[in-house]
Structures are given as C-alpha cells and as structure tokens.
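Working notes, beginning with the structure itself.
The values are calculated or read from the model by the stated rules, or taken from the named source; none is laboratory data. Bear in mind the structure is a predicted one, so any value in this text is a computation, not a measurement. What goes into the accessible areas is simple: the full protein's heavy atoms, side chains included, and nothing from ligands, DNA or RNA. Shrake-Rupley method; radii C 1.70, N 1.55, O 1.52, S 1.80 Å.
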Amino acid sequence: MTRSIEKKIADLKAKAKRMGKSGVKPSSAIRNGSSLHKIIKTPEQAKAFMKSLQSA
C-alpha cells in the first residue's frame, strides 16, 4: 500500500477509537431477514408475488 492510504487507514482507526462505541448496532438485512422474506415463506407465495409484479 502507498503511504497515503496507510495514513488514511490509521487516521480512520484513530477516529474510531476516539469515538468509541455509540451503542448503535448495525443492522443487516441478511442477518435479520428482509421484509420480503418475512412475508413470502412458501414457493407458492413467491410465484404469486412474481406474477403480480409482472402484471403491474
């Protein structure tokens, strides 16, 4: 890596250490399941949903 990139990374790490934990956890659609995965649970529901998308 070039020195400028190394310096930027070091600056970001230092800033993260200074700010500490904010108590906010990042949410992930994959980990939590997207809203569509909560609604569509069966292959039949998925087919019906895709059919309605195509007709719209």
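Here are the numbers for this structure:
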| quantity | calculated |
| --- | --- |
| Residue selected from the stretch 12-34 under the condition open to solvent by less than 80 Å² (accessible area, probe 1.4 Å) and part of a helix (DSSP H, G or I), by the criterion modelled with the highest pLDDT | Ala14 |
| The stretch 35-56, subset aliphatic (A, V, I, L, M) and part of a loop (DSSP other than H, G, I, E, B), residue modelled with the lowest pLDDT | Ala56 |
